[in-house]
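Every number here is computed from the coordinates shown, using simple stated rules; none is lab data. Model, not experiment: these values are computed from the prediction. For neighbour counting, all protein chains shown are included, and Cβ atoms are generated from backbone atoms with ideal geometry for every residue, glycine included.
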Number of protein chains: 2
Amino acid sequence: MPTHQYTGIDDLAIRTLKLLSVDQPSAANSGHPGAPLALAPAAHTLLKSIKINPKNPAWINRDRFVLSNGHACALLYSMLHLVGYDYTIDDLKHFRQLNSKCPGHPESHLPGIDVTTGPLGQGVADAVGLAIAQANFAATYNKPGYTLSDSHTFVFAGDGCMEEGISSEASSLAGHLGLGNLIMIYDNNSISIDGPTKLSYTDDILKRYESYGWEVIDLNDNADDPNALLYAIHQGMKSTKKPTFIRLTTVIGVGSLLAGTAAVHGSPLKPDDLKQLKKHLGFDPEQSFVVPQEVYDFYRKTVTQPGIEANEKWDKLYAEYQKKFPEEGKEVARRLNYELPSNWDSYLPKYTPADKALATRKLSEGVLEHIHAALPELMGGSADLTPSNLTRWQGAVDFEEPSSGLGNYKGRYIRYGIREHAMGAIMNGIAAFGANYKPYGGTFLNFVSYAAGSVRLAALSGHPVIWVATHDSIGLGEDGPTHQPIETLAHFRAMPNIDVWRPADGNEVSAAYKVAIDHRHTPSILALSRQNLPQLEGSCPIKAQKGAYVLQDVSKPDIILIGTGSEVSLVVAAAKVLADKGIKVRVVSLPSTDAFDRQSLDYKLSVLPDGVPIMSVEVLSTFGWQRYAHQAFGINRFGVSAKQSDAYKFFDFVPEGVSSRAEKTIAFYKGKEVLSPVHDAF
Amino acid sequence: MPTHQYTGIDDLAIRTLKLLSVDQPSAANSGHPGAPLALAPAAHTLLKSIKINPKNPAWINRDRFVLSNGHACALLYSMLHLVGYDYTIDDLKHFRQLNSKCPGHPESHLPGIDVTTGPLGQGVADAVGLAIAQANFAATYNKPGYTLSDSHTFVFAGDGCMEEGISSEASSLAGHLGLGNLIMIYDNNSISIDGPTKLSYTDDILKRYESYGWEVIDLNDNADDPNALLYAIHQGMKSTKKPTFIRLTTVIGVGSLLAGTAAVHGSPLKPDDLKQLKKHLGFDPEQSFVVPQEVYDFYRKTVTQPGIEANEKWDKLYAEYQKKFPEEGKEVARRLNYELPSNWDSYLPKYTPADKALATRKLSEGVLEHIHAALPELMGGSADLTPSNLTRWQGAVDFEEPSSGLGNYKGRYIRYGIREHAMGAIMNGIAAFGANYKPYGGTFLNFVSYAAGSVRLAALSGHPVIWVATHDSIGLGEDGPTHQPIETLAHFRAMPNIDVWRPADGNEVSAAYKVAIDHRHTPSILALSRQNLPQLEGSCPIKAQKGAYVLQDVSKPDIILIGTGSEVSLVVAAAKVLADKGIKVRVVSLPSTDAFDRQSLDYKLSVLPDGVPIMSVEVLSTFGWQRYAHQAFGINRFGVSAKQSDAYKFFDFVPEGVSSRAEKTIAFYKGKEVLSPVHDAF
């Protein structure tokens, strides 16, 4: 056991971590010094255990580190700087400033930051995703004598992370899956923003993690004895069938005059306090951002250099692997380069109007059936709605702890349980692992909202995850308003960097998957129908990728009707009613406002030109449709429990309900100058 | 102990509950027979213990019952029918049909349904809210010898509820708060939609609930022995300092040929299966919806009549209370009538431009300081951001278990911990208790999204809860994009029946509270700034209640600029820049699109008339603004970690950034016919 390895230089390194971590918030006059002071010994101990190559942050077999209590990021930046990632002292000095490399919370586009954290609890669930991906990657590609992947995922998490429900969901699943490669260090400082955590949180946390099936180690009062933690970490690294939970009892802001209080959590130390702390740490109280050369040397010797060497050793192994296993080697190389198989999209199904009507969720299942073999990076699942979401291809193997008898780690289908929020963050973690993982997860569209926190982080971090969001409207029928989305798509259409798709038929489902899987840095939500929809005349998997296109046209239309998803066939029917009255209708299918927004103004105007009134038709909130249409027919109340056809009739979503509103729209704009709503003045 | 009270009539009643509960889905050809079959004995046992008056569903001292596994609602409707609530057999026959009293999941506007459930886990947290409200109401108004309130809250919850993070959050808080009045019966049927729960869920659930501090009773294999459950329920009812968790191991769909499988969860029984079940239950397999008269008689005698009598007894006690404690009596009467004190709004602060600049979160604190004494129904809290949300008035008492030394049950301030989703549902439960409770809860606006599931149910159920959502934009500064909302208000503006407010100054904060607290059936979200904002010339607490109004006007404006919240003062500054160039600007403050949408077309056109181009200015997604403005200046990407002023500059939200876009807007619409966007063609 690696005990008693600590010497004076360890102590100096820890003190240096503390110093850099309090200097950053002081320089910014903003930030969180408390947790970094408490966690510096743990951070140092982690660095003694972790396998990373600061010169190659993307190395696939590095250990991952998630700072789930992301507000402690000054500590993370200090660590990254000291071990030689591309962070200068000057970068640290610009903590929390515009365009800084050291923003207010860790952002995963920066070197050495595995996932974006800050919103509490997310990191815990991200880490479960990282651990799942590692287990899957190892099970898929490791060969006897050729261990391409054996990395661990380490997490620091605070009291807030433990209180958030997402960490409960994710920890329960991690215990179930027996993820021995996951080690969480819980910073139990018993202080949160309101004061002592005992105001609201008195869980027996050790018992709670035992109940999830974790290996639990309690380091009561040993926060400043790194030996005990080092021993515990190594215990955790040896665990094979259980994730490890290490509870560290710490004092927030230790060394500050405000130690142990909420006052040291989220504000820089006062100048006097900072001075006394530096003095106490053995540094010149008048100087800032000082790093003794021996600390740099020590970390170079004990972390950076061994990491570089481990990476070089791995490179050799990988080169040999390529020779010995050319087929797998080619696949691994492709995945590490984030390249899709060149022909993957040739497997996407195409449809003609002669093909039978099917629910778009069923058509989504068809896509998965056709593409899964070509895309080993596709890793799916459902939050316990598999037979409803239709997310599991025939013969899929479940991702399960091998001795469970339920599957194995090579399995690519994850039984998430009824845990939408954790599913979202776990998908983010799987994508963040690298190796081109394309995670998808199913639930009802209405319950994607349970996961809004992690959907947002997917968009912010640019994880190309795919939400298979079925039962996308009142069309789900009898389950009623508690399950019928109204506002959900407006929410995600308004969110930056995420594509919302609501395909109308098989060709559009294929288009949505094509764009979603091609994305490297954008997540997608596919809103899919429960009910059957016809294969449309004019639908086109190529045109649909532009987000909107003319499905059926006439010369000199009196009106343009836009439909999405299940309402496109309704609009086609309404156009026929109107045609019988001599009213000419252009029908536009608009499966994705996000993809359409990316098109040129010329293209937008070719679909939605000046001079013609435009009306949108969608059984959801009309909020946001005025960007594309002059008038919007939608539902601005909650739905009803009724048969699908009755629900549609109740809201007048029948051909005559559409056509009568179209006529009123034409009448309203008659004689008025009609400008396309797609114009921007600036 | 009330053991061995079961006789043949109990058995017949249970069989009748089962029959009615399978007949409903069969009649609808849609629904969930599995859980009702398993839970019918528990439901019957609950009816033996519960204190309700079916003839007065609003009786304040009734016990509450939450069916958290809301999909089992056929059982609930059967119970409500049998004990005499206003549900006929014909209502049951219209299960899941349009306009039915028996919708696909329980909806709280219907008689005898305490909270809307279906989205899993919500009911558990609602129940915690109901229990909190009861404890607070009792502590506030009970007097020695005059126990106005001593009711219990019972919950049925399923495996899915246990898996959802919201139930973990709420259960942890309930244990902390020592809510002895809360009794949860966990239907552990070990089946979910994907199959056996062991595919994803292997928690030691008893240990988990012990870790939360609950009293745990395991009724392994005793699902069909109601005596054991009856005993456990009575144990739970005697518990004073701990909520009670009773685990019932059941067989889903017991009696069906598909018993114990996922196939019996969400689809009606097949005709043959239904017949054999009825035969097995001792009923005519050819008949449906049959209730033996002795079952009606039995429930009338053992549930309905005792309930009516208990209510009558309470009415007498209440009448005496009124005499003995006229002051409290008047207050209770007012609250039970859902009347606000007539003068409550006179305490709302008013401001003039001479008053100093303050953050709207600080102004919100001022409102709470001024109104809390007048409104005993106001019960607030924060998800561990009290010093940031400024949600606690001076001298507030925390709602805590009295022996904790941290507060008492009369306390009106709840330390929710970092549990936004549970906070949302607990607020719903507090409101659902009745007695005019007006719960409010604080968090950062960005993290209201963590609670989207419960916000939605507040809107759907019409609970008048108030979210105090501070740090409402990039204006929060250094915490960066993980904390800066962009899409959040679009989401909630698109949601039916919820008011979003983004007030610009003190008068508008008062206006927002005025409308929010006056609401009886609509929740509100107050989006409040972290940064200081000036008290505006022209701001008006009366006009602001209309959602939008002309703040500063000119004759024949060249453009109308709309601002919200922190951007109104920016628009005022931009208007000055434009005035210097001879460009005339009407400035409109639009704190609430929802309140504005409720106004007449005439009023809307008086604010946003035809003939003038309109541009909106808000540091959030522009999605949805085209309903009110021809051009929208906003932020359609994620934010930045930087000082507030730097962040605003980065996105060009400075007077010149606004004025230059205003000029482009004027130029673009020059010579074009400009129609106000508020017109509806149908």
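Could you give the size of the charge dipole of the range A:95-239 about its Cα centre, using +1 on the Cβ of each K and R and -1 on the Cβ of each D and E, expressed in debye and rounded to the nearest 20?
Values: 7 positive and 18 negative charges, 108 e Å.
With Lys and Arg at +1 and Asp and Glu at -1, about 520 debye.
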Checklist line | Sorted by Cβ density within 10 Å, fewest first, the residues B:117, A:352, A:665 | finding: A:352, A:665, B:117
Next item on the list: Note down the net charge around residue B:387, summing +1 for each Lys or Arg and -1 for each Asp or Glu among other residues with Cβ under 14 Å from its Cβ.
Entry: +2
Item checked: Simple spin-label estimate for residue B:327 and residue A:294 in nanometres, 7 Å along Cα-Cβ -> 7.2
Margin query: For residue B:89, project a label point 7 Å along Cα to C-beta. Then give me every residue of the range B:279-309 with its amide nitrogen under 13 Å of that point.
Written below: B:284, B:287-296
Notebook entry, point to check: Rounded if a/c is under 1.5, else prolate if a/b is larger than b/c, else oblate: which is the protein assembly as shown, with a ≥ b ≥ c the root eigenvalues of its Cα gyration tensor?
Noted result: rounded
Checklist line | Centroid-to-centroid separation of the range A:29-90 and the range A:95-123 [C-alpha atoms, Å] | finding: 11
Check: Taking the Cα centre of the range B:556-682 as origin and charging only Cβ (+1 Lys, Arg; -1 Asp, Glu), how large is the dipole, in debye to the nearest 20?
Finding: 260
Checklist line | Label-to-label distance, nm, for residues given as residue A:305 and residue B:397 (7 Å Cα→Cβ offset) | finding: 6.7
Next item on the list: Hydropathy first: keep DSSP H helices in chain A averaging at least -1.0 on Kyte-Doolittle, then drop any whose Cα extent along the axis falls short of 27 Å, and list what survives.
Entry: A:8-28, A:122-141
Item checked: Relative contact order [Cα under 8 Å, 6+ residues apart], chain A, whole percent -> 12
Next item on the list: Take the Cα of residue B:55, step 7 Å along the line toward its Cβ, and report every residue of the range B:287-315 whose backbone nitrogen sits under 20 Å from that point.
Entry: B:294-315
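From the Cα gyration tensor of the range A:1-90, with a ≥ b ≥ c the square roots of its eigenvalues, which class applies: rounded if a/c is under 1.5, or else prolate if a/b is larger than b/c, or else oblate?
oblate
Less than 15 Å Cβ to Cβ from residue A:298, Lys/Arg counted +1 and Asp/Glu -1: what total charge do the surrounding residues give?
0
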Check: Going by how many other Cβ atoms sit within 10 Å of their own, how do A:567, A:312, B:420 line up, fewest first?
Finding: A:312, A:567, B:420
Item checked: Simple Cβ-charge dipole of the protein assembly as shown, Lys/Arg +1 and Asp/Glu -1, about Cα centre, in debye nearest 20 -> 1480
Check: So, in nm, how far is label residue B:576 from label residue B:272 when the simple model puts each one 7 Å beyond its Cα toward the Cβ?
Finding: 8.4
Margin query: I'd like the FRET efficiency for residue A:652 and residue A:682, computed as 1/(1 + (r/R0)^6) with the beta carbon distance as r and R0 of 41 Å, rounded to 0.05.
Written below: 0.60
Check: Taking the axis that carries chain A onto chain B, what is the nearest Cβ in chain A, and at how many Å, to the whole number?
Finding: A:165, 1
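What ranking do B:330, A:101 get, fewest neighbouring Cβ atoms within 10 angstrom at the top?
The most exposed by this proxy come first: B:330, A:101.
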Notebook entry, point to check: Under a Cβ-Cβ cut-off of 13 Å, what is the net charge of the residues other than residue A:27 that fall near it, where Lys and Arg count +1 and Asp and Glu count -1?
Noted result: -1
Item checked: the range B:8-309, relative contact order [Cα under 8 Å, separation at least 6], % -> 25
Item checked: Unit charges at the beta carbon, dipole of the protein assembly as shown: most positive-side option, A:583, B:168, A:266 -> A:583
Item checked: Length added when fully stretched, residue A:537-residue A:373, from 0.36 nm per residue minus Cα-Cα -> 56.0 nm
Check: Given R₀ = 41 Å, FRET efficiency for residue B:404-residue B:645 by Cβ-Cβ distance, to 0.05?
Finding: 0.40
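What is the gain in length, in nm to one decimal, between residue A:636 and residue A:354 on full extension, counting 0.36 nm per residue of separation less the C-alpha to C-alpha distance?
98.0 nm
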Notebook entry, point to check: Is the shape of the range B:543-669 rounded, prolate or oblate, going by the alpha carbon gyration tensor and its root eigenvalues a ≥ b ≥ c, with a/c under 1.5 for rounded and a/b larger than b/c for prolate?
Noted result: oblate
